[in-house]
Each structure stands twice: as C-alpha cells, then as structure tokens.
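Peer 1: Before anything else, here's the structure in question.
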Amino acid sequence: MNKIKIMESSVRKWERIINENKSDGGVLDCPPCRIFYFTFCFGCPIAAYTGQKFCKGSPYGRWYWHQLNEHDKIRKKIYCPECLKIATEMRDFMIEIVESMKAQKAER
C-alpha cells in the first residue's frame with residue numbers, strides 16, 4: 001500500500017472541491033478514510049502527521065463545523081468565501097503531509 005499515493009488522492013479530492021465545486025462526502029470519499037477508518041482511525045497518514053486521530057489537528061474540523069453551522073446543507077461544498085478559504089487550507093495541509101512523507105522516504 002502506497003500511503004503517498006493515497007494522500008495525493010486526497011489532494012486531488014480537495015482540488016475538485018475547490019476548482020470544480022464538487023462536494024465533500026466525509027469518510028465516504030476520503031481516500032485515507034476508505035482504508036484506515038473502520039469504527040476507529042488506525043494507520044492513517046493524517047493521524048500520524050498530527051499525532052491525533054479522526055482528522056483532529058487538521059483544518060477539517062473547521063470545515064465540518066462551518067458547513068454545519070453556516071450552511072446547514074446535506075452537501076458539504078463551497079458556498080461562500082470562508083468555505084473556499086478552509087477548503088484551500090485543507091488541500092494545502094494534504095500537500096504538506098505528502099511533502100513530509102516524500103522527504104521521510106528520501107531520508108531512508
């Protein structure tokens with residue numbers, strides 16, 4: 001299993017949300033969650049990077065609560081400038097993790 005490729009898929013997911021106005025399906029369409037989440041978060045590169053499970057320590061919590069509190073819609077997508085800002089932060093955070101993983105791999 002190539003965790004770097006999984007995280008690169010995550011970057012592409014957030015790019016689709018930002019550039020194509022696609023929606024976020026949460027754990028249902030999150031590449032790492034599809035593999036590492038089954039009632040608990042185990043082995044996820046995001047959790048390894050942040051030291052916290054369930055995307056804590058990432059911008060995802062802000063995205064989720066902003067969607068719920070400000071837009072109260074089933075589909076989580078970009079509805080306002082704040083949505084765009086947080087989605088961009090999430091994409092950039094995924095890129096940061098990919099770059100960190102590649103650097104660690106290069107050191108080995």
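Peer 1: Counting just the residues of the stretch 80-95 that are in a helix (DSSP H, G or I), free of Cβ contacts under 8 Å to residues at least 12 places away in the same chain and not basic (Lys, Arg), which one comes out farthest from Tyr64 (Cα to Cα)?
Peer 2: It comes out as Asp92.
Peer 1: Right, another one. Out of everything in the stretch 82-99 that is under 21 Å from Asn2 (Cβ atoms) and among the aliphatic types (A, V, I, L, M), what residue ends up being nearest to the chain's Cα centre (by Cα)?
Peer 2: Met94
Peer 1: Among the residues of the stretch 74-103, which ones are under 14 Å from Arg16 (Cβ atoms) and either acidic (Asp, Glu) or exposed (fewer than 13 other Cβ atoms within 10 Å of the Cβ) (or both)?
Peer 2: Selection gives Arg75 alone.
Peer 1: Any idea which residue in the stretch 26-63 is farthest from Leu84 (Cα to Cα), counting only those that are in contact (Cβ under 8 Å) with a residue 40 or more places away in the chain and within 11 Å of the chain's Cα centre (by Cα)?
Peer 2: Across the stretch 26-63, the extreme among qualifying residues is Pro45.
Peer 1: Something else now. Among the candidates Ser23, Ser58, single out the residue that is at pLDDT 95 or above and either touching a Phe, Trp or Tyr at 6+ places or on another chain (Cβ under 6 Å) or not polar (S, T, N, Q) (or both).
Peer 2: The match here is Ser58.
Peer 1: Right, here's the next one. Looking at (1) under 20 Å from Ile95 (Cα atoms); (2) without any contact (Cβ under 8 Å) to a residue 24 or more places away in the chain; (3) out of contact with any Pro (no Cβ under 6 Å at 6 or more places or on another chain), which is the only condition Glu15 fails?
Peer 2: Every condition holds for Glu15 apart from (2).
The values are calculated or read from the model by the stated rules, or taken from the named source; none is laboratory data. This is a predicted model, so every value here is computed, not measured. Positions of Cβ are backbone-derived with ideal geometry, glycine not excepted, and every protein chain shown enters the neighbour counts.
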